[in-house]
Amino acid sequence: MKSNTILLRYGELALKGKNKAAFEDRLVQNIRRQLEPFKGVSVFKSQGRIYVESQESLVDEIIEELANVFGLVAFSPAIRVHSTIEEIEQAALAYTQQQLPEIRTFKVISKRADKRFPIRSQEMNRRLGGFLLDHIQDLHVDVHQPDLPLHVEIRGKYTYIYGKDYAGPGGLPVGVSGRVMLLLSGGIDSPVAGYLALKRGVELHAVHFHSYPFTSERAKQKVIDLAQILTRYGGSIRLHVVPFTEIQTEINKHCYESYSITIMRRMMLRIAQELAKENKALALVTGESLGQVASQTLESMNAINEVVQIPVLRPLVGMDKHEIVDISKKIGTYETSILPYEDCCTVFLPKAPKTKPDKDVAARQEARFDVEKLVQEAVLGTEVIDLSPERDLDHELSFF
Ligand code: ATP
Ligand code: MG
């Protein structure tokens, strides 16, 4: 007898009323979507819990998938049986035996959510405890710090037997916080910024600026691949690929080399803001950290930020590079990010970029070309690529 159900707990209980219902509904919907490739799985909510029922052979793989669903705080694989004392005893025994030899001590924690069940919780604890001691050698009760806290939850027709919790990813369900536009380069940082934004419950659109033929088709494919990886955590992602060659050429022609990065970023933000408006995104997200490179000083952020009205979120602002790299390895974007294809920023990298650019100087240089027209043309020329999670057919084939 193995686990056939997973009990899920979610947090952020400060949420109340309507928000709470929306939170729960979205979480259930996201879990269903994540588990779509698995056949015969049912997901439902009851009394502040979410239950995932499946056949035993799929439970481990399902838990792996659930680790990518934001909003889940903890999960416990459980054995679900009919609420009869015989079935409960057998399941408790099977569950406990599976935990051997790691555990030496246990404690039964019964909860009778259904008062029609004839045995009271205290009596159930004693009875089941005695049963387990009779059937398993070298096992002891420890009521204070048991290796195995054996939970027995009697809920109407069914009873759930489970032990320890496994930590979930936390955060908020993707979709509850509205939509944002992520500026996604091919680097290490911006995919991590996207992941952290997803963790706070936003739905992602991404925008990439592409300077073909200065940058190759492979550089574009790399960004598509990165966005595809992020769909593991965020469901569908719409990627906007913006033609940026003409703008970079104009900047190179008309502006001081030391200001090219600042002005390039200002153009990126203007275009991203337009796309955000068109797509009902409420903020921009970048992979900037503070002080990492010349364009990421506070002076630089001031000069860049002033061209947009919507918030620019920078989830990496307090992180060191190695922390960002660690996350990118964990979420599976690192190997793609370090592929060597050039990004539009590196192609045009000035020898000595200004670390403290002045926004008025930047604006004066921009007056030398038609900012508005270039922004509109770039928006019009934008290619839209819709990405959704890749489904692994192995799960379905495993039935045959
Ligand atoms: P990353 O590792 O994300 O490329 P970075 O450390 O290289 O970041 P910068 O090159 O200064 O930093 O870029 C800062 C941010 O600007 C990026 O994190 C990204 O959000 C955005 N950005 C840079 N280049 C592009 C691009 N070609 N398309 C879309 N966004 C970009
Ligand atoms: Mg970069």
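Some observations on this one:
- Scanning the range 107-156 for residues that are open to solvent by less than 50 Å² (accessible area, probe 1.4 Å) and acidic (Asp, Glu) returns ASP114, ASP142, GLU153.
- Some residue of the range 300-315 being free of Cβ contacts under 8 Å to residues at least 24 places away in the same chain and either under 29 Å from GLY201 (Cβ atoms) or within 13 Å of ligand 2 (Cβ to nearest atom) (or both): yes
- Looking at the range 1-112, the helices (runs of 4 or more DSSP H) lying wholly inside it that each contain 3 or more residues that are at negative phi and under 23 Å from the mean Cα position of the chain (by Cα) sit at 17-34, 59-66.
- VAL375 away from ligand 2 (no atom under 16 Å from the Cβ) and either over 28 Å from GLY178 (Cβ atoms) or open to solvent by less than 30 Å² (accessible area, probe 1.4 Å) (or both): yes
- Condition check for LEU183: within 16 Å of ligand 2 (Cβ to nearest atom) and within 21 Å of ILE385 (Cβ to Cβ): yes
- Checked against the criterion of being touching a Leu at 6+ places or on another chain (Cβ under 7 Å) and either open to solvent by less than 10 Å² (accessible area, probe 1.4 Å) or within 16 Å of ligand 2 (Cβ to nearest atom) (or both), the candidates THR262, THR286 yield just one match: THR286.
- Odd one out for PRO146, checked against (1) at pLDDT 95 or above; (2) in a strand (DSSP E or B): (2)
- From PRO213, PRO173, residue being outside the structural domain of LEU275 (by the TED database) and more than 12 Å from ligand 1 (Cβ to nearest atom): PRO173
- Whenever a residue of the range 249-260 is more than 16 Å from ASP370 (Cβ to Cβ), its partners that are open to solvent by 40 Å² or more (accessible area, probe 1.4 Å) and in a helix (DSSP H, G or I), lying with C-beta atoms within less than 9 angstrom and at least six residues away or across chains, give the pairs SER260/ASN252.
- Per-region count, the range 214-240, residues assigned to a strand (DSSP E or B) and open to solvent by less than 10 Å² (accessible area, probe 1.4 Å): 3
- Filter result for LEU132 (touching a residue at least 24 places away in the same chain (Cβ under 8 Å) and either assigned to a helix (DSSP H, G or I) or of a type in the set (S, T, N, Q) (or both)): yes
- Unique residue being more than 16 Å from ligand 2 (Cβ to nearest atom), closer than 30 Å to ALA281 by Cβ and at pLDDT 95 or above when the list is LEU198, LEU128: LEU198
The values are calculated or read from the model by the stated rules, or taken from the named source; none is laboratory data. Everything numeric here is computed off the predicted structure, so don't read it as measured data. We place every Cβ from the backbone using ideal geometry, glycine too, and count neighbours over all the protein chains shown. The protein model used for the area step is the full one, side chains on, heavy atoms only, and it has no ligands, DNA or RNA in it. Shrake-Rupley method; radii C 1.70, N 1.55, O 1.52, S 1.80 Å.
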